[in-house]
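Scroll down for the structure; my scribbles are underneath it.
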Amino acid sequence: MHTIYLGLGTNLGDRAANLQAAVVGLAENLCVTAASPIYETAPWGITDQPDFLNMCLTAETELPPHELLTLLKKLEKEIGRVPGERWGPRLIDIDLLFYAHQIIETEKLNIPHPELPERAFVLRPLADIAPNFVHPVLGETIAVLAAKVDGEGVRPFAPAPTLELKQ
Ligand code: X6L
Ligand code: MG
Ligand code: MG
């Protein structure tokens, strides 16, 4: 089994319901072991779009990285994501942040994400569930990386969704 970390984001429609649908869909396919609280976050990249809800999950899986990526894209599509503007509004975004301590650089997959250390909207929820995970490239813990970013624009929104434990 491999421990993986996921980042979830949504800024269209019923954002809380979109996150819930993603957590349920993921729990049906992976062994989800931890869910972070939900944060409301100011948009990055394209700033003229609605605020996001962001959260992170820890899971265990036997799926290899590219099969996992295919599953995440399938779930995004099932929740209603349509291909659109690259950094624009979306119903759901499910990003693979870490796959164990592996470093993967292919056309489709870039793990760890090169911009993760700058993104408070990922680091803040990730620090809640994986503070001691050591970034495989930077050699620093998530807690240390989270303490270095400006947390402005990242506000607690709701407690962690309850995990439907399925086997
Ligand atoms: C210059 C150019 C500076 C581009 C930053 C940053 C682009 C982040 C894309 C950037 C730049 C992104 C989310 C988001 C997006 C999210 C919040 C992205 C991809 N996804 N903002 N913006 N939460 N708060 O999940 O992360 S688009
Ligand atoms: Mg993303
Ligand atoms: Mg994505």
Find out how many positive minus negative residues lie around PRO89, taking Lys and Arg as positive, Asp and Glu as negative, among other residues whose Cβ is under 13 Å from that of PRO89.
0
Are there any GluC sites (Glu not before Pro) in region 1-92 that are in a DSSP loop and have at most 16 other Cβ atoms within 10 Å? List them by number.
GLU62, GLU85
Three-way shape call for region 30-120 based on the alpha-carbon gyration tensor, with the a/c threshold at 1.5
rounded
Between LEU30, LEU126, LEU57, find the one with the highest GNM mean-square fluctuation for the chain; connect C-alpha pairs within less than 10 Å.
LEU30
Loop-only GluC sites (Glu not before Pro) in region 116-167, please: DSSP not H, G, I, E or B, and at most 16 other Cβ atoms within 10 Å.
GLU140, GLU152, GLU164
Residues whose built amide H sits under 5 Å from the amide H of LEU97, excluding neighbours closer than 5 in sequence, are TYR5, LEU6, GLY7
Under Karplus coefficients 6.51, -1.76 and 1.60, residue-wise ³J(HN,Hα) of region 64-70 in Hz, glycine/proline x
x, x, 6, 5, 4, 4, 4
What trypsin sites (Lys or Arg not before Pro) does region 53-125 have in DSSP loop regions with at most 11 other beta carbons within 10 Å?
ARG86, LYS108
Roughly how many debye, to the nearest 20, is the charge dipole of region 52-116 about its Cα centre, given +1 on each Lys and Arg Cβ, -1 on each Asp and Glu Cβ, and no other charges?
260 debye
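Count charges around ASN18 for me, please; just the other residues with Cβ under 12 Å from its Cβ, Lys/Arg as +1, Asp/Glu as -1. The partial results should precede the final answer.
Working: positive: ARG15, ARG81, ARG90; negative: ASP14, GLU76, GLU78, ASP93.
Summing Lys and Arg as +1 and Asp and Glu as -1 gives -1.
Under 8 Å for C-alpha pairs, at least 6 residues apart: give me the relative contact order for the chain, rounded to a whole percent.
On the way: 319 pairs, mean separation 56.0, N = 167.
Rounded, it is 34 percent for the chain.
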What residue among TYR99, ALA146, PRO112 has its Cα farthest toward the positive end of the dipole of region 95-164, where the charges are +1 on Lys, Arg and -1 on Asp, Glu, each on the Cβ?
ALA146
GNM on the chain, C-alpha springs below 10 Å: top fluctuator among THR58, THR41, THR106?
THR106
In whole Å, what is the distance between the alpha-carbon centres of region 24-40 and region 87-157?
15 Å
Can you pull the one-decimal nm distance between simple spin-label points at GLU140 and LYS108, each 7 Å off the Cα toward Cβ?
3.2 nm
Sorted largest first, the Cα spans of the chain on the principal axes come out in Å as 37, 35, 33
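FYI, it's all coordinate maths here, none of it is from the lab. Values in this document were obtained by computation on a predicted structure and should not be read as measured data. As a convention, Cβ positions derive from the backbone with ideal geometry for all residues, glycine included, and neighbour counts pool all protein chains shown.
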